[in-house]
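Only the coordinates and a few stated rules stand behind these numbers; no lab work does. None of these values were measured; they are calculated from a predicted model. Heads up, the Cβs are rebuilt from the backbone with ideal geometry, glycines too, and the neighbour counts pull from every protein chain shown.
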């Protein structure tokens, strides 16, 4: 993944956020990671003060999204990203504890690019995040228009 | 939504006066009928008497007329004989006189109960007739003895003529009397008949009235019955509705519990991942730390590593406890999650051949059975319509338990059989294992509870899971056990599982 790609990590559990970051780094991904602990601050960052998302035009973003957020639902964030003119091509990776079939289908229907269930067991968790990191290192991310 | 008890259907106020009304109407009806019958019988009798009296009067009149005729005939015979002296004229005289006597007797007897005047008339008539008869016989005997003149002289005295006139007058009087009597009797008979008709008419009107009243009462009763029926139906409807509402409430509560379990298990997992994650991080750090200490010590020329080794041991012990606890907690959370998943799974009832299914389960356990030197017997058991997966889990768990808790010193015997009742089948899973303490017979069905020595792997989930499933399948599970001798689990299931609309879906 080119270095200019920014990883937007929306994850309300700071411990999870730290573990994810550590394991992504271990996979050799050195891109900038911008963490958000709640949905609204992430939305403010993504869509800018005018709410159009134009603020991120020309930037390459990859969104790592948790669905269980305290203030707004991750599904809502996903929908808004995929409906936005500037952000819709940015890959969204859903990384969440839920493995409900209906929820997974809904996310893909809304345009999620990858859905990964957080393993409960830490070994598997770190393994999954590390593999995700490896995956990040090879994918192409388009710039927001 | 809850329905308050005030909504209960108020019972329709009963009307106790109705039975009384009905009795009164019926009694009145019967009373009137009896009265009419009595009056009718009385009147009919009177009419019959009237008719008899009319007939008697007519007969008497006829008799009186006959009297006149006989007298006339007697006189005619006498005159003929007196004129001609030919005894042929006397041929009928004696019979006529006998007829006359008989007739006057009839008249007298028929006036026995009559009025004084009529009886007097009849008696007078009898006397006159006797006198007349004597006169006739006297003249005849005179003529027969040849004294024609003497006989004629008797006739000429006009004594016989006077007698005849007087007789005629009395007969006339009697005729008039009888005519009056007849008129009276006919009018009495008419009035009797009129009364009879009136009474019958009144009776008919009364009966029609009572019938109308009875009809009205019947109609009102029918109406009341219909209302009552309607009320009962409405009450039923309300009841059904309430049952449906309660069921919905329960369903909702159940769903809430399910989703609660799901959320709890989910939310418990998140911190657990952190604990596990950072414990791993700490372990990694420990290695780094001790490496660094070793390096620093080497640089400082300290060769005594014993303190480091002791420290490392303490670390190891602490980490061991933490990791064990984490693993245990992870298992428990997974168990709750599993249960809540099971609770939300929708059932698909199909016809399940239970014998076949249990034999399949037995086959998959052949290894464990052999290992423990146990034998499992599956009797032919009835098939039911239910959820196959759930049934498999129930019986796998029960048989697995039976195998798991067999006694090591006795050859294990496990037996699966069934008992049938209408609508339900009770499946029995019997073992000769170590049994369950009486104090634990309820507890074993609770989550995370286990009975007896904790020498077998397990979390205390199996039976809780089994009971939850059996209940969801519309059945129940009980156990009978003899500590140290064995246990029987009795699973009662409906022959046909009915799946209601299930709102069990959850994110």
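Numbers for the structure displayed
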{"item": "Gained length - residue B:331 relative to residue B:448, 0.36 nm times residue gap less alpha-carbon distance", "result": "41.0 nm"}
{"item": "Cα-only Debye scattering, the stretch B:220-284: base-10 log of I(q)/I(0) at q = 0.19, 0.22, 0.24 Å⁻¹", "result": "-0.82, -0.89, -0.94"}
{"item": "Full-stretch length increase - residue B:392, residue B:201 - with 0.36 nm per residue and alpha-carbon distance subtracted", "result": "60.1 nm"}
{"item": "Along each principal axis, Cα extent of the stretch B:362-507, largest first, Å", "result": "50, 36, 28"}
{"item": "Value of Rg/Rh across the stretch A:6-137 [Cα atoms, Kirkwood radius]", "result": "0.94"}
{"item": "Whole-Å distance, taken between Cα centres, linking the stretch A:17-43 and the stretch B:239-281", "result": "30 Å"}
{"item": "Sites residue B:437 and residue B:308 - FRET efficiency at Förster radius 51 Å, r taken between beta-carbons, to 0.05", "result": "0.55"}
{"item": "Degrees separating the helix B:93-110 axis from the principal Cα axis of chain B, which is the longest one", "result": "50 degrees"}
{"item": "Rel. contact order, % - alpha carbon contacts under 8 angstrom, at least six apart, the stretch B:12-143", "result": "21 percent"}
{"item": "Cα shape, the stretch A:98-145, gyration tensor, a/c 1.5 rule", "result": "oblate"}
{"item": "Computed Rg/Rh of the stretch B:156-273, alpha carbon atoms with Kirkwood Rh", "result": "1.98"}
{"item": "Centroid-to-centroid separation of the stretch B:364-413 and the stretch A:53-116 [C-alpha atoms, Å]", "result": "48 Å"}
{"item": "Helical contribution to [θ] at 222 nm, DSSP H n ≥ 4, -39,500 (n - 2.57), averaged over the protein assembly as shown, rounded to 500", "result": "-22500 deg cm²/dmol"}
{"item": "Crossing angle, helix B:17-84 versus chain B [Cα axis fit, 0-90 degrees, rounded to tens]", "result": "20 degrees"}
{"item": "Residue B:252 versus residue B:289: modelled label distance in nm, points set 7 Å from Cα along the beta carbon direction", "result": "5.4 nm"}
{"item": "Cα pair distances in chain B, grouped into 20 Å bins until the bin that holds the longest one, percent each", "result": "14, 20, 14, 11, 8, 9, 11, 8, 3, 2, 0"}
{"item": "Rough spin-label spacing in nm, given labels placed 7 Å along Cα→Cβ, for residue B:23 and residue B:404", "result": "7.3 nm"}
{"item": "Calculated SAXS-style log₁₀ I(q)/I(0) at q = 0.16, 0.18 Å⁻¹ - the stretch B:345-428, Debye, Cα scatterers", "result": "-0.63, -0.78"}
{"item": "Size-normalised alpha-carbon gyration radius of the stretch B:296-384, reference 2.2 N^0.38 Å", "result": "2.23"}
{"item": "Hydrodynamic radius by Kirkwood, which averages 1/r over all alpha carbon pairs of the protein assembly as shown, in angstrom", "result": "38.8 Å"}
{"item": "Kirkwood Rh, Cα atoms: Rg over Rh of the stretch B:17-224", "result": "1.41"}
{"item": "Efficiency of FRET from Cβ geometry, residue B:413 and residue B:471, R₀ 35 Å, rounded to 0.05", "result": "0.75"}
{"item": "Gain on full stretching of the segment that runs from residue B:372 to residue B:51 - 0.36 nm per residue minus C-alpha separation", "result": "103.8 nm"}
{"item": "Separation of alpha-carbon centers, the stretch B:173-218 and the stretch B:20-73, rounded to whole Å", "result": "10 Å"}
{"item": "Tilt relative to chain B, helix B:388-404 - C-alpha long axis, 0 to 90 degrees, to 10", "result": "60 degrees"}
{"item": "Values of log10 I(q)/I(0), in the order q = 0.11, 0.21, 0.22 Å⁻¹, for the stretch B:248-342 under a Debye, Cα-only, solvent-free model", "result": "-0.52, -1.00, -1.05"}
